[in-house]
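Accompanying notes for the structure given below.
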Amino acid sequence: MTKVAQPLRDLAARGDDTDRKKRTLGVVAVTIALLAAGSAASARLDDRAPVEIQLLTVSDWHGQIVPLQVETGLVGGAAFLKTHFDAARAQNPNTLTFMAGDSVGATPPISSFFEDEPAIRAMNMMGVNADTFGNHNFDGGIEHLQSLINIAEFPFVVANLKGLEENLTGVRKRAMFTVDGIRVAVIGIMNEEAPTLVTPGALGTIQIANSIAAANKAARQARDAGAKVVVILTHKGIRGFDVNNNAFGELIDFANGVDPTLIDVIAGDHTDFEYSGRHNGILAVENKSKGAQFAKIQLTVDRQAGVTAKSVSFVVPVVAGIVPDPTIQAYIDGLNEQLVPILGTVVGSSTVAVPRSDSCGQSAGRTCESRVGDVVTDAMRTAYETDFAITNSGGLRAALTCPLAGSGGFCPADPGPPFPITRGSVLGVLPFGNESTTTSVTGAELKSFLENGVSRMPAVDGRFPQVSGLCFTYDISQAPGSRVTSIVRQAQDGSCTGPAIDPSATYTLAINDFMAAGGDGYPNVFARSTTRNVVASDVEDYVVANSPLGPSIQGRIACTSSGVVVCPTVIGP
């Protein structure tokens, strides 16, 4: 029995050991399973965690690949913007970068001289993810725009164009991006007024459809395709602020009109304002133009519910203390080497600065008389010995004198005074290649030109007229079309003391070909007009012949309300 029992005990012992091993293996297996389950649960929790997405947006860039001179110093420029963008991207890799139209057209000479290819190539290097169309995209016509689309390494998106495919290839209604598993839809919307802001025929057979309907339709399709975030890039901006400091303009109307259940963010453009506001929960944003600032939009996105929080801050991309992106800077340096011998030529000077801003202090010169407007219209009137000259303020894009023209005017190291004027700075003022035209008009027709020019006041608008040879007063309290209350000739000394304009008399008028063809809503007189020289050449000739210039605000345009002067007409010396 003992002999039998021992083997049984040994067997039992071995059995205990085997069981112990089995139990140990079981515990290990369970532990591994629990760890795996915990890891999977953690992964599922991570999958459910909100995602922070950052949008960088630039408005109305206009190919400002070199830094822009502002009151506080130099800002922007492609090489420096890239450095600022990279810093923002380093803070949050979940970043997309957008522009909202007019990234080309009305560009400084360093871009326009090369048919705006530098603007697109710089955007490629800056890491732009998408852009849309504004009216200036069509300044060079369909074929030119197609050539720029062909070299872009990012998509152009626009959803409210009819006949797009028959005119342009490579353009989408929307682009979809996946950011940390979140689908982000980006939809482009072009401004409906664009056909009135470009030369007739520049859009080919493209027609612009209702922006609100098109945006809602494209956003609904994007949601159906799985988008958790929907962003609209639109070439619409605000026009100003009312007496209660509420913004008004196309951007506000658009934001209030679209479906807030479909759209999260609207990035606006077109009017050179800094603005952010919520409209039915939609965040609408616009920046100052030409890269003078950019917006950093922060979105918190729930993987199921979509956007749960949104905010925006504005960044001024200063140049001082910032190292430019070396690749972009080398590209710019190469362009400059080609252009300095041509555009760096000093053609004249002025005893006073000739800025783009007007006598009311509006930076784009679109609300009052401006010195640059006076010089340009004086040049046109002098060149063709007409009675009067009118030009739209939207056609004047920069300062005429250095150093303010130094952001593309190829200015000398010594900026004055007297303030130098270079061939490059003349082209910076007049980048479109417009031609002067002359025609005959009655006094009544002349009034209709001026009525159109002030029809949108007090909104900042490119149709606002700069004039020579005449002075006029308008009453902003009256209805558009019935605002101009007096028009008189300028006297020989430039004062507004000449005789009143006779509505039935005939006068000679110089305007640019864009206006002559009905651009900016002006009367279409192209069929009876004579095309002359390029406006920039007329201005350069005038500067050469009359330097040093000394333009002053002369009170050519007076704004009243019920007979009381309400808008300043003189500022500075």
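Scanning region 177-209 for residues being in a loop (DSSP other than H, G, I, E, B), under 25 Å from Glu286 (Cα atoms) and more than 25 Å from the chain's Cα centre (by Cα) gives a total of 0.
Hey, any hits in region 325-341 for a residue that's part of a loop (DSSP other than H, G, I, E, B), outside the structural domain of Ala88 (by TED's automatic domain parsing) and without any contact (Cβ under 8 Å) to a residue 24 or more places away in the chain? No: region 325-341 contains no residue that is part of a loop (DSSP other than H, G, I, E, B), outside the structural domain of Ala88 (by TED's automatic domain parsing) and without any contact (Cβ under 8 Å) to a residue 24 or more places away in the chain. Of the candidates Asn336, Asn434, the single residue that is under 25 Å from the mean Cα position of the chain (by Cα), more than 27 Å from Phe514 (Cα to Cα) and surrounded by fewer than 24 Cβ atoms within 10 Å (Cβ to Cβ) is Asn336.
The residues in region 172-186 that are farther than 17 Å from Val307 by Cα and buried (at least 21 other Cβ atoms within 10 Å of the Cβ) can be counted, and the count is 2. On the given criteria, is Ala219 assigned by TED's automatic domain parsing to the domain that holds Gly268, touching a Phe, Trp or Tyr at 6+ places or on another chain (Cβ under 9 Å) and touching a residue at least 12 places away in the same chain (Cβ under 8 Å)? Taking the combined requirement at face value, the residue does not satisfy it. Quick check: is even one residue across region 455-464 among the hydroxyl-bearing types (Ser, Thr, Tyr) and more than 32 Å from the chain's Cα centre (by Cα)? No, every residue in region 455-464 fails to be among the hydroxyl-bearing types (Ser, Thr, Tyr) and more than 32 Å from the chain's Cα centre (by Cα). Filtered by the rule that a residue be within 16 Å of the chain's Cα centre (by Cα) and aromatic (Phe, Trp, Tyr), region 58-117 gives Trp61, Phe98. Across region 247-282, the qualifying residues are those that are part of a helix (DSSP H, G or I) and small (Gly, Ala, Ser), and the one among them that is farthest from Trp61 (Cα to Cα) is Gly257.
Which of the residues that make up region 210-246 are in a loop (DSSP other than H, G, I, E, B), within 20 Å of Gly101 (Cβ to Cβ) and touching a Gly at 6+ places or on another chain (Cβ under 8 Å)? Result: His235, Lys236, Gly237, Ile238, Arg239. When Phe419 is tested against the conditions (1) crowded, with 24+ Cβ neighbours inside 10 Å; (2) at pLDDT below 95; (3) in contact with a helix residue (DSSP H, G or I) (Cβ under 6 Å, 6 or more places away or on another chain), the lone failure is (3).
Condition check ((1) touching a Lys or Arg at 6+ places or on another chain (Cβ under 8 Å); (2) in a strand (DSSP E or B); (3) aliphatic (A, V, I, L, M); (4) surrounded by fewer than 20 Cβ atoms within 10 Å (Cβ to Cβ)) across all residues:
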site	(1), (2), (3), (4)
Thr508	no, yes, no, yes
Asn524	no, no, no, yes
Tyr542	no, no, no, no
Ala545	no, no, yes, yes
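Within region 369-395, being surrounded by fewer than 24 Cβ atoms within 10 Å (Cβ to Cβ), among the polar types (S, T, N, Q) and in contact with a strand residue (DSSP E or B) (Cβ under 7 Å, 6 or more places away or on another chain) holds for one residue alone: Thr386.
Taking (1) of a type outside the set (S, T, N, Q); (2) within 23 Å of Cys368 (Cα to Cα); (3) crowded, with 19+ Cβ neighbours inside 10 Å in turn, Ala500 satisfies each apart from (3). Is it the case that Pro155 is surrounded by 22 or more Cβ atoms within 10 Å (Cβ to Cβ) and within 24 Å of Ile332 (Cα to Cα)? Judged against the criteria, Pro155 is not a match.
The set of residues from region 453-485 being in a loop (DSSP other than H, G, I, E, B) and among the polar types (S, T, N, Q) comprises Ser455, Ser477, Gln478, Ser482.
So for region 505-516 (the condition being of a type in the set (Ser, Thr, Tyr), on the phi < 0 side of the Ramachandran plot and without any contact (Cβ under 8 Å) to a residue 60 or more places away in the chain), does at least one residue qualify?
No - not one qualifying residue is present in region 505-516.
Applying the set (1) more than 17 Å from the chain's Cα centre (by Cα); (2) buried (at least 24 other Cβ atoms within 10 Å of the Cβ) to Ile266 leaves exactly one unmet item: (1). Here the condition is being modelled with pLDDT of 95 or more, out of contact with any Pro (no Cβ under 7 Å at 6 or more places or on another chain) and not charged (D, E, K, R); of Gly494, Gly572, Gly498, Gly521, it holds for Gly498 alone.
The values are calculated or read from the model by the stated rules, or taken from the named source; none is laboratory data. Just so we're clear, the structure is a prediction, and the values are computed from it rather than from any experiment. Cβ coordinates were reconstructed from backbone atoms using ideal geometry, including for glycine residues, and neighbour counts include every protein chain displayed.
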